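The values are calculated or read from the model by the stated rules, or taken from the named source; none is laboratory data. These numbers come from a predicted model, not from an experiment. Cβ atoms come from the backbone with ideal geometry, glycine included; neighbour counts cover every protein chain shown. Calculation scope for accessible area: heavy atoms of the full protein, side chains included, ligands and nucleic acids excluded. Shrake-Rupley method; radii C 1.70, N 1.55, O 1.52, S 1.80 Å.
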Amino acid sequence: MNINGPQANSCELHKICTFGQKNSPQLAVKCLSEEQWVQHKDTAHAEQTPELGCILPDCHYPSANLTIPERKVSHLVTTGSASTAGSASTDSRNPFEYLKRSLSDGPDMGPVPRKMVLQDSSTMSSNGDIVSGEAEVLTNGSASKTFTAEEVAGRVKTTIEYLIRSLKYDQIIREFDGEDDQSNEVIGVFIDFILYQEGLVNDRCFTVASRPDKYVPGNTVSQARVEDIQSDLKDIFTERKAAKSVNSRLSYSLGEMLVDYLSKKENVPNDIIPEVLTMFNYRRKSIYDRLLKDIFPFFETLLAGKGLFSELGVIFNFAITFRHEIIDGNATRWRNNLLISSLRINNSGMREYFNRHVMDVIFAGRCDAIVNAPFDSCSLPTDSAVKPASPLKLTFGEELEYDLVRDDGYLERKHQLVNDFASRLQEKGMSLYNSGRYRHGEYYGFSDGFVVNPFLDTDRWFEINCTPYHADDRRAESCFEKVIDVIDSMRNDELISYSSGHKHIDVLSATQGDTDVLLAMESEIQRNPFLLRAFGNNDRIVRNDEMFWYKTFADYNPDTKPFAVQRLNWMIDRYNKKIAASCAEDLSGIGGTESEKKDRLEQFAHFYSQFVHMTTLQNGLGVIDDDNMEKYMAMSLLHITGASEVVKLSTLEFRFFRCPKTVEEIKLINRFLQAWFHHLHQCKKDKIPLQLVPEDIQSCRDYTAGEVQTKTIDYLSKLGLNPEDYRCFWGDVRDIPLVAV
């Protein structure tokens, strides 16, 4: 496939900001199943750092090449001396001798000559002698030759493999997970990362790529730069071995190699570790070593293993820029990953800096392609008439959740709740089934067609799940009638009380594969937080600040909220421009198989959750700021992608509905969601722009009861629903009493 051909424009996924290259072009990246295809674009490098706060037509973003103030030298400068060159010529019959002697005899031998180039065709015996191929020792004044990407890759590979053998490394692995040696895969990725720094390889994820299209056509590197790369590699492999204890297994992970190489290449000053290692200074050294080790895992976690070469550079720059603050802030104790714990502590405004100079940069590089993806997958209609959106047949799922009543008999009673529920359910005529279908205990129903599954969710909640169903499924309705009867009897016996009802919807049935429907839904939820009060458990909002369990951006921390709102508005702005510039799409034209549509939805969900919801970042900050964020959004996308403690189900999860008290309330919520999604599809058909979210949007708590009721009535009418049908929800809303200061 020719990635520079016309087909590449239609399958572009990410535009990224490059790292480590001045005046470097932006690259557009497309994630395919195993590899990243990249299209080179000649776009101007952004020299300014404008804010995301104002949505402008041609707003540029900062390059990922953030300055490290302490950087002292450029590795494009040749550093060889006449004496070094002369010594090198002495051993011209074996140019590996200097490298071999330096590695075996220790630092007293001095550094490897900067003017030595290892040929990729060379092979070595066990003692380092060349047995075939060629080697060339260069002297001062002869470094005019340049090498292609393939030639540099060969030389770098030869150097790395020689260092591994000579230093007797036991394992080269991706990460420390007990797996066997993964040297071929890791070395391949590492070499491409090195070449990316030199502009020889296109940006992509940290995956193995064997196709020649990965190389940037026409770019070459000088002999002097190749020598610098080889010298840096010799240094990091030697230093890593020296840092290991004598009896420990000598291994090198990909993350360590990447960070060590960047540290050496960027000439990060050694201003953390004092020359005299007192007990206190030794601890500082240990924390700094841990920081370097934590960079790549933090990068992998933040971007769910889908980060690009360039984006690691952005996070590396952040860690190095704040290295002193991170060391000082963690001097007393370590908390998990040092970058996460430092963002919690937030010394020197670290959190805002991280959002502005890391998250904003990566977000801006990927945003356009994410918004454009559904348009690229649509076929244009054959006539100018805009047809109504096709009727949707949503697939629903329920999580009925109830608080355990805590009294003197709570501990003895809680383990009997599931059996108690099951016994009462069987008295209603529902049978027990034992096919092992659910991971929590047993399940019950009138037939195998629809069943419910009761279980304890930790020691706080009694929960009931069910199989997916459609709104017109009579089996589901009959089953829910029995379930509600049993729940009422257990409530009357003061065993449980109402909590929340989490509504699941199959994402493909709701969106038809159109990711912009998810964007439109986010616009609706974030602009209308009063819906959380209208459909939520008003009493619990009053007593326990429960909006933090299904929050909107209005409930974010003050140093996080602006970024979430601005990024959502950035996406909305790009979407509106795309709508205005294109014909109306026919939903049936959203291209691809069901699997391809799910992949597209998963890509959107991952991007939006990480950069706009900021679930990973917020979850990491949760211990100090009490922000239970990873899953607790008004509409969570994490079941689409799967996440920590979140099962991958390909469903949207609406968390703001209270637990329905009757079967009629279940049906009303289903009808509301049906009308909601139909409205969003029709708005896109009619080319109606999405509305921006006001920066000063207020929390659901900030509305009076009267405002909630009035706005909810208007909103239901807009969706074509009868507001009086929903009085059982909005009619329960009461004012939140003011707290005396």
- Pairs 214/577; 598/711; 597/661; 234/265; 503/578; 667/687: which exceed 24 Å Cα-Cα? 214/577; 598/711; 597/661; 503/578; 667/687
- Message: Skipping prolines and chain starts, which residues have an amide H placed within reach, meaning under 5 Å, of the one on residue 446, given they are 5 or more residues away or on another chain?
- Response: 431
- Query: Taking the convex hull of the alpha carbon atoms in the range 462-521, what volume per residue do you get, in Å³?
  - Reply: 102
- Rg and Dmax of the range 155-252, Cα atoms only, in Å: 14.5, 47
- Message: Pairwise over distinct Cα atoms, reciprocal of the mean inverse distance: report the Kirkwood radius of the range 188-231 in Å, one decimal place.
- Response: 11.0
- Message: Show me the ranking of peptides 165-172, 196-203 by mean Cβ neighbours inside 10 Å, starting with the highest.
- Response: 196-203, 165-172
- Query: Largest first, what is the accessible-area ranking of 185, 594 with a 1.4 Å probe?
  - Reply: 594, 185
- Query: With every protein chain present, what accessible area does residue 575 have (1.4 Å probe, heavy atoms only), rounded to the nearest 10 Å²?
  - Reply: 10
- Item | Once the Cα gyration tensor of the range 235-276 is diagonalised, semi-axes √(5λ) in Å | 19, 16, 7
- How much accessible area does residue 300 have with a 1.4 Å probe, in Å² rounded to the nearest 10? 40
- Could you sort 206-215, 525-534 so that the peptide with the highest average Cβ count within 10 Å comes first and the rest follow in order? 525-534, 206-215
- Query: Under a Cβ-Cβ cut-off of 9 Å, what is the net charge of the residues other than residue 463 that fall near it, where Lys and Arg count +1 and Asp and Glu count -1?
  - Reply: -3
- Dimensions in Å of the range 198-322 - Rg and Dmax from alpha carbons: 16.5, 53
- Message: Can you give me the C-alpha center-to-center distance between the range 659-685 and the range 216-248, rounded to a whole angstrom?
- Response: 59
- Note on the structure: Cβ-Cβ cut-off under 9 Å around residue 221, Lys and Arg +1, Asp and Glu -1: the net charge is -1
- Note on the structure: The ³J(HN,Hα) series, computed from each phi in the range 671-681 with the Karplus coefficients 6.51, -1.76 and 1.60 at θ = phi - 60°, rounded to the nearest Hz and given as x for glycine or proline, is 5, 4, 5, 4, 5, 4, 5, 4, 4, 5, 5
- For residue 495, net neighbour charge (Lys/Arg +1, Asp/Glu -1) across residues whose Cβ lies under 13 Å away: -2
- When N is the residue count of the range 402-530, what does its C-alpha Rg come to as a fraction of 2.2 N^0.38 Å? 1.24
- Query: Got a sec? What order do 428, 234 fall in by accessible area at 1.4 Å, biggest, i.e. largest, first?
  - Reply: 428, 234
- Over all distinct alpha-carbon pairs, what is the Kirkwood Rh of the range 633-741 in angstrom? 16.6
